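Chemist: Below is one structure. I have some questions about it.
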Amino acid sequence: MPTVNLCCHEFVVAISSVACIVGLWLLKDHNQAIDDFQETEQSLLTMSFAYWLVYCLAFGIEKLFLLDCEAVIVTLRITTALSYFLTFSCILSLPLHKFAVHKIEE
């Protein structure tokens, strides 16, 4: 049964990596004038997609290539952990930023 869960997780990571690429493509700058609030929000969204893409790539490299080098495996695991936490912090910062700007406007 754990093998089924692992395959499901790998499939979700593969699909989310494609979604990250699409999200980054949709968020690319179209040379439009935006204020500081929108620029910060767009930066946080871009960082969220980019960090998650790094997670997906590191996870995929770790699972696809059966490397015998322990240093490479540890480095990939550290990369996945850091990118996971950075993604979480960017996603958490989005509503906090909106709340802070809303408080300033009042």
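Chemist: What number of residues within region 23-59 satisfy the criterion of being charged (D, E, K, R) and not in a helix (DSSP H, G or I)? Write out each step before concluding.
Modeler: Step one: of region 23-59, the residues charged (D, E, K, R) are 28-29, 35-36, 39, 41.
With not in a helix (DSSP H, G or I) added as a condition, the list becomes 28-29, 35.
Result for region 23-59: 3.
Chemist: Glu70 passes all but one of (1) farther than 18 Å from Val13 by Cα; (2) loosely packed, with under 13 Cβ neighbours inside 10 Å; (3) at pLDDT 85 or above; which number fails?
Modeler: For Glu70, the failing item is (3).
Chemist: As an exercise: evaluate Ala81 against (1) modelled with pLDDT under 90; (2) of a type outside the set (Val, Ile, Thr); (3) surrounded by fewer than 16 Cβ atoms within 10 Å (Cβ to Cβ) and give the number of the one condition it does not meet.
Modeler: (1)
Chemist: Do we have Cys20 as more than 20 Å from Ser93 (Cβ to Cβ), out of contact with any strand residue (DSSP E or B) (no Cβ under 6 Å at 6 or more places or on another chain) and either open to solvent by less than 90 Å² (accessible area, probe 1.4 Å) or assigned to a helix (DSSP H, G or I) (or both) here? Spell out how you get there, then give the answer.
Modeler: On the way: more than 20 Å from Ser93 (Cβ to Cβ): no; out of contact with any strand residue (DSSP E or B) (no Cβ under 6 Å at 6 or more places or on another chain): yes; either open to solvent by less than 90 Å² (accessible area, probe 1.4 Å) or assigned to a helix (DSSP H, G or I) (or both): yes.
Spelling it out, it is not the case that Cys20 is more than 20 Å from Ser93 (Cβ to Cβ), out of contact with any strand residue (DSSP E or B) (no Cβ under 6 Å at 6 or more places or on another chain) and either open to solvent by less than 90 Å² (accessible area, probe 1.4 Å) or assigned to a helix (DSSP H, G or I) (or both).
Conditions tested, residue by residue: (1) open to solvent by less than 60 Å² (accessible area, probe 1.4 Å); (2) β-branched (Val, Ile, Thr); (3) under 28 Å from Leu96 (Cβ atoms); (4) under 20 Å from the mean Cα position of the chain (by Cα).
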{"site": "Thr40", "(1), (2), (3), (4)": "yes, yes, yes, yes"}
{"site": "Leu44", "(1), (2), (3), (4)": "yes, no, yes, yes"}
{"site": "Ser48", "(1), (2), (3), (4)": "yes, no, yes, yes"}
{"site": "Leu53", "(1), (2), (3), (4)": "yes, no, yes, yes"}
{"site": "Glu62", "(1), (2), (3), (4)": "yes, no, no, yes"}
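The values are calculated or read from the model by the stated rules, or taken from the named source; none is laboratory data. These numbers come from a predicted model, not from an experiment. Every residue, glycine as well, gets a Cβ built from its backbone with ideal geometry; the counts of neighbours run over all protein chains shown. Areas reflect the complete protein model, heavy atoms only, side chains present, ligands, DNA and RNA absent. Shrake-Rupley method; radii C 1.70, N 1.55, O 1.52, S 1.80 Å.
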